[in-house]
Each structure stands twice: as structure tokens, then as C-alpha cells.
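Following: one structure in C-alpha cells, then a few remarks.
The values are calculated or read from the model by the stated rules, or taken from the named source; none is laboratory data. It should be emphasised that the depicted structure is a prediction, and the values quoted were computed from it without experimental measurement. Quick reminder, even Gly has a Cβ in these numbers, built from the backbone with ideal geometry, and neighbours come from all protein chains shown.
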Amino acid sequence: MKQREFNLLDFSEIKQQRMSKTSDRKISMVTCYDSTFAKLVSQSSVDCILVGDSVAMTMYGQNDTLKATPGLIARHVQAVRAGAPKAFIVADLPFLAHRGSVDETLKAVKLVMRAGANAVKIEGVDGSEDVLHLLVESGVPVMGHLGLTPQSVNVFGGFRVQGRSESAATRILDQAKRLEKCGVFAIVLECVPTKLAADITEAVKVPTIGIGAGAACDGQVLVLQDLLGLNTDFQPKFARQFAKLKDDVVDALNRYHQESQDGTFPSAAESYTSQPKG
């Protein structure tokens with residue numbers, strides 16, 4: 001159980017403490033999409049919540065994140081906010097939401113922020129530095145995202161580890177430094193080699209949050225359904241299952257079916273009489 005609610009200032013404070021070696025505290029973030037699970041997350045020690053565009057895959061069965069829209073993200077932010085009223089919530093800006101006109105970008109940002117997000121996450125930096133500066137200077141906290149950026153899946157030829165060659169690693173390290181100059185408060189590093197993630201974490205003064213990026217990052221993020229063992233059809237090597245709830249859910253459904261058939265559900269205690277008690 002968390003002692004107090006996490007906020008934006010905690011990101012920089014944790015990074016400063018880790019850089020000065022006064023604390024080895026790390027940031028924990030989970031991707032969550034609904035009110036029921038958000039309420040459970042708020043009762044845990046997890047620091048913050050990401051409402052990711054992975055909602056298109058996890059909740060709607062799509063094969064990539066490209067089908068997510070600002071409106072879809074906003075609806076799920078509203079749901080998560082209802083379940084976790086005091087949580088720090090980061091919302092993804094989905095595919096191309098920040099690559100149109102300034103007005104279109106601001107409209108998308110306002111939509112998810114007014115739905116209840118505290119910050120937005122934007123993938124990549126090439127071609128986006130002006131809009132990143134604009135958002136930060138407009139008072140919008142922005143989280144960066146480098147490495148395997150799922151919105152670029154068609155460019156990468158699939159969901160593949162990024163930064164393995166020397167030139168690719170140098171490029172991603174440079175991108176991280178540019179993101180820092182744009183004013184992001186944190187950077188997600190997805191599916192990059194451990195050494196590259198460690199080098200970036202050492203090179204920038206904003207916290208790095210890893211997903212498939214090794215233990216040297218300043219924090220970690222996983223999709224809730226993955227870490228709970230609910231999404232067994234998609235099991236990347238980095239997605240450790242801290243529970244195996246799929247089996248529990250299927251077992252509960254089977255017991256409900258059987259007890260409905262044999263008449264042991266509902267019991268007398270679970271049924272109403274013609275006269276109320278008392």
C-alpha cells in the first residue's frame with residue numbers, strides 16, 4: 001500500500017536520488033485500461049498508471065496499436081480515473097495524433113487531459129521536437145518513448161528489438177538526449193539491449209522507464225494483463241507473469257456453470273424470501 005499519492009515531482013526527485021546514490025528507489029508503472037483494475041492498482045504500492053494505445057491490442061483484439069484514437073484513449077482514461085481518483089495517470093497520444101496541425105495536436109491533448117490524464121506520452125522525437133517544446137511550454141507534462149515504438153511497427157517490420165547495432169544504439173542515445181532538451185519528464189525505453197538502456201540512463205537527467213530494457217533503468221512498466229498472467233496468447237520474454245490468473249478465471253467460470261447446473265447455486269442464503277427480515 002502506497003503511503004501517499006505519486007506526483008510529477010517524484011519523477012525528478014527519484015532520478016536525482018539515484019544519480020547521487022542516496023537512494024536506489026525505482027519507479028513502478030502499469031498499463032491499465034478500466035475502472036475495476038484501476039481501483040486495485042490504487043490499493044497497491046505501484047506508483048503510476050499508463051493508459052496506453054496498447055488498449056487496441058489488449059482490450060479490442062487488434063494486431064497493433066494503430067487503431068487507437070484520441071477518443072478511445074480518452075474514454076479509457078475516464079474509466080481509469082473513476083477507479084483511481086488520486087492516481088498519476090499518463091495517457092498515450094496515439095498514432096499520428098501529434099503529427100498534424102498544431103490545432104489537431106492540441107485538440108487531441110485536451111481530449112485526453114480533460115478526461116483525467118496528468119500527462120501524455122509521445123513516441124519518438126524525429127520531426128516532433130517543435131510540438132514537444134510547444135506542449136511542455138504550454139504546461140503539458142510529456143513523457144517520451146524510444147526504442148521499439150509500436151506506432152512505427154510497419155517501419156520496423158514487426159515488433160523487434162531496437163538498438164542492437166552500434167549505429168542504431170548511437171542514434172537512440174542521441175534521441176534520448178534530444179528528448180531531454182525538449183523538456184520531457186521521463187523516457188520509456190522499450191525493447192532495447194540492456195547496455196544501451198544503462199548508457200541512456202547514465203546520460204540523461206530524467207528518469208528512464210524500461211519495458212524489455214533491463215534492470216538498469218530508473219523504473220519499469222508492464223501491461224497489467226501481462227503481469228497478471230491473463231494474456232497468455234502474447235508472451236514476450238520481458239513480460240514476467242507475477243500471477244497466473246487465467247487459470248483461476250477459467251476455473252471460477254467452470255465452477256459457476258457446474259453449480260448453476262446442479263442447483264447448488266444460488267443457495268438459500270443467496271436468495272430472497274417473500275418477507276424481508278427484521
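So that you can scan it fast, the table gives a plain yes or no per residue for (1) of a type in the set (Val, Ile, Thr); (2) crowded, with 20+ Cβ neighbours inside 10 Å; (3) in contact with a Gly (Cβ under 7 Å, 6 or more places away or on another chain):
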position: LYS110; (1), (2), (3): no, no, no
position: ILE122; (1), (2), (3): yes, yes, yes
position: GLY157; (1), (2), (3): no, no, no
position: VAL161; (1), (2), (3): yes, no, no
position: ILE172; (1), (2), (3): yes, yes, yes
position: LYS181; (1), (2), (3): no, no, no
position: LYS195; (1), (2), (3): no, no, no
position: ILE211; (1), (2), (3): yes, yes, no
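Residues that are outside any loop (DSSP other than H, G, I, E, B) and polar (S, T, N, Q) were ranked within the stretch 237-278; the one that is farthest from LEU222 (Cα to Cα) is GLN261. Here MET143 meets the list (1) surrounded by 19 or more Cβ atoms within 10 Å (Cβ to Cβ); (2) part of a loop (DSSP other than H, G, I, E, B) almost entirely, failing just condition (2).
Whether any residue in the stretch 228-248 is without any contact (Cβ under 8 Å) to a residue 60 or more places away in the chain and farther than 30 Å from LEU189 by Cα is what I want to check. Yes, that holds for at least one residue. Taking residues in the stretch 158-180 that are within 16 Å of GLU129 (Cβ to Cβ), and partners anywhere that are surrounded by fewer than 13 Cβ atoms within 10 Å (Cβ to Cβ), the pairs with Cβ atoms closer than 8 Å and at least 6 places apart or on different chains are GLN175/ASP126; GLU180/LYS205. Residues that are exposed (fewer than 11 other Cβ atoms within 10 Å of the Cβ) and either touching a strand residue (DSSP E or B) at 6+ places or on another chain (Cβ under 8 Å) or closer than 25 Å to ALA56 by Cβ (or both) within the stretch 243-274 comprise just one, VAL250. Determine whether PHE234 is modelled with pLDDT of 95 or more, surrounded by 12 or more Cβ atoms within 10 Å (Cβ to Cβ) and in a loop (DSSP other than H, G, I, E, B). In short, no. Taking residues in the stretch 128-146 that are over 21 Å from GLY163 (Cβ atoms) and touching a residue at least 60 places away in the same chain (Cβ under 8 Å), and partners anywhere that are surrounded by 14 or more Cβ atoms within 10 Å (Cβ to Cβ) and of a type in the set (Val, Ile, Thr), the pairs with Cβ atoms closer than 9 Å and at least 6 places apart or on different chains are PRO141/VAL90; PRO141/VAL120; PRO141/VAL184. Just checking, which of ASP226, ASP130 is crowded, with 22+ Cβ neighbours inside 10 Å, of a type outside the set (A, V, I, L, M, F, W, C) and over 30 Å from LYS21 (Cα atoms)? Step by step, each of ASP226, ASP130 is checked, and only ASP226 is crowded, with 22+ Cβ neighbours inside 10 Å, of a type outside the set (A, V, I, L, M, F, W, C) and over 30 Å from LYS21 (Cα atoms).
When the stretch 82-92 is examined, which residues are found to be under 12 Å from GLY52 (Cβ atoms) and out of contact with any Asp or Glu (no Cβ under 8 Å at 6 or more places or on another chain)?
ILE89, VAL90, ALA91 - these are the residues of the stretch 82-92 that are under 12 Å from GLY52 (Cβ atoms) and out of contact with any Asp or Glu (no Cβ under 8 Å at 6 or more places or on another chain).
Across the stretch 70-83, not a single residue is classified as in contact (Cβ under 8 Å) with a residue 40 or more places away in the chain and polar (S, T, N, Q).
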